[in-house]
Each structure stands twice: as structure tokens, then as C-alpha cells.
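Every number here is computed from the coordinates shown, using simple stated rules; none is lab data. The structure presented is a predicted model; accordingly, all values stated were derived computationally and were not measured. Cβ placement follows ideal geometry from the backbone for every residue including glycine, while neighbour counts extend to all protein chains displayed.
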Amino acid sequence: MRTLLNESELNEGVERLASEIDQHYGSERPLTVIAVMTGSLVLFADLIRRLSMPQRVGVIQASSYRGGMTSGELSVDANMLIDVKDRDVLLVDDIFDTGKTLDRLTGMLREMGAKSARTAVLLHKTRTHDVEMRPDFVAFQIPDEFVVGYGLDYLDMYRNLPYLAILEPAEIEATAAENQS
Ligand code: 5GP
Ligand code: MG
Ligand code: MG
């Protein structure tokens, strides 16, 4: 496992992200903050406690990384989503990769009548994206590598790591093998 961002670097990044968001929205008007499950779980808990404005907090489920690292069809489950009509909404996700997830979700929020729909991510991969939209708030720019930890998984493992890391090929193999049994 190769550490890309350690605990204190992640902390600083979330702190920066929170102050950018605070600066943009101010501390008076309520913000509806939505976690894109499951990858944003750890970031979300850290981020919302640092924001100054009153918040309505909810979740939405989106998954596209079906068999581990390969991107498949995007599926969205909005059954647990709270009311977003006429609200200023901020979607929080772990990483902006192809961009398809947040592009789709911001489109959905606008269709549901959100007054505004913006996005915040911990990580932005340096690569060409499949969509026009870009996240509004970004903590870190990272190389185009598959990363785990701080909420991000490989086959549902590694989300609990307090740091962000790149898996070695042997660890990828071992995790995949263990997942079969
Ligand atoms: P996008 O729709 O932007 O291609 O992908 C967004 C989702 O794919 C992320 O929310 C995350 O769940 C997953 N993803 C993209 N890149 C990585 C990565 O490097 N590591 C992990 N664990 N998940 C990733
Ligand atoms: Mg995700
Ligand atoms: Mg995943």
C-alpha cells in the first residue's frame, strides 16, 4: 500500500474545502447537504461538522464501480433523499473521475426543483472527463490511479482506512481472491 495523502493532509484538505464552501454560501441561509453514498461517508461526517450555516442533511445512493475497478452502468437510488424543492443543494462525493455520477445527480436535482445544485469532492482525478460539468469545490487534485481509504473502497474493503492509498497489484489480487471465497 502506497500512501498518497496521510491523515493530517486529509484534515487540512477538508478544512480548506469547508472554508471555500462557507465563503461561497455564507453562514446565514440553510443549505441542503447531500452525501453521495457510500464513498463520501467519511468525508461527509468530517465536512458537515466544519460548515457554519444551518444544514438539512440527507443521502443519495449512486454506484457505478460494479466489479471493483471497472466502471459499469450508473445506478441511482433516491428513495432516501430528503426534499430538495426550492432548496440550495450541495452534493458531496469522494472523487470526480469520469464525472458521470455528479453530472447525472446534479441533473436529477434540478429536475426535482432544487434552487441551485452544486458539488464538492475530496478528490479530482487528473484525466479527461466524459462530461462538461466540473465540481464546484475540490480539496485535492490527484494522479489517475485507483485509490482507496477515507471512504473509498475496493470490493467494499478499505473504506475505514484513515489515510488515502494506492493499492499494490498483489493487494488487488489478494482482495479479489478473498472476495470470491
Ligand atoms: P465517476 O462517475 O466520476 O466516474 O465516478 C465516481 C465514482 O466512482 C466515485 O464516487 C467512486 O465511488 C468511484 N471511483 C472513481 N475513481 C475511484 C478510485 O480511484 N478509487 C475508488 N475506490 N473509487 C473510485
Ligand atoms: Mg461513489
Ligand atoms: Mg466503490
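Quick notes on this structure:
- For Ala176 and Met112, a Förster radius of 35 Å and the Cβ-Cβ distance give a FRET efficiency of 0.40, rounded to the nearest 0.05.
- The magnitude of the dipole of the stretch 2-180, with charges of +1 and -1 set on the Cβ of Lys/Arg and Asp/Glu and taken from the Cα centre, is near 640 debye.
- In the chain, the calculated helix contribution to ellipticity at 222 nm averages -9000 deg cm²/dmol per residue, counting -39,500 (n - 2.57) for every DSSP H run with n ≥ 4.
- If R0 equals 41 Å, the separation of the Cβ atoms of Ser52 and Glu145 corresponds to a calculated FRET efficiency of about 0.75.
- Once the Cα-Cα distance is subtracted from the 0.36 nm per residue extended length, the Asp77 to Ser8 segment shows a gain of 21.5 nm.
- Of the chymotrypsin sites (Phe, Trp or Tyr not before Pro) found in the stretch 81-153, those in coil by DSSP whose Cβ has at most 16 other Cβ atoms within 10 Å are Phe146.
- In loop segments of the stretch 53-118 as defined by DSSP, the trypsin sites (Lys or Arg not before Pro) with at most 13 further C-beta atoms inside 10 Å of their C-beta are Arg66, Lys85, Lys115.
- In this simple spin-label approximation, Met69 and His129 carry label points 7 Å from Cα along the Cα→Cβ vector, and these lie 2.3 nm apart.
- For Lys85, the lysines whose Cα comes closer than 24 Å to its Cα, not counting residues fewer than 8 places off in the same chain, are Lys100, Lys115.
- Think of the stretch 15-64 as having a plus end and a minus end, set by charges on the Cβ of Lys, Arg, Asp and Glu; of Leu31, Gly58, Ile48, Gly58 sits farthest toward the positive end of this dipole.
- Along the chain, longest interval not containing exposed GluC sites (Glu not before Pro), exposed being DSSP loop plus at most 15 other Cβ atoms within 10 Å: 74-131
- Spatially proximal aspartates and glutamates relative to Lys125 (Cα-Cα < 18 Å; intrachain offsets below 8 disregarded): Glu9, Asp93, Asp94, Asp97, Asp103, Asp136, Asp144, Glu145, Asp153
- GNM result for the chain, Cα springs below 10 Å: residue of Gly149, Gly39, Gly68 fluctuating most strongly: Gly68
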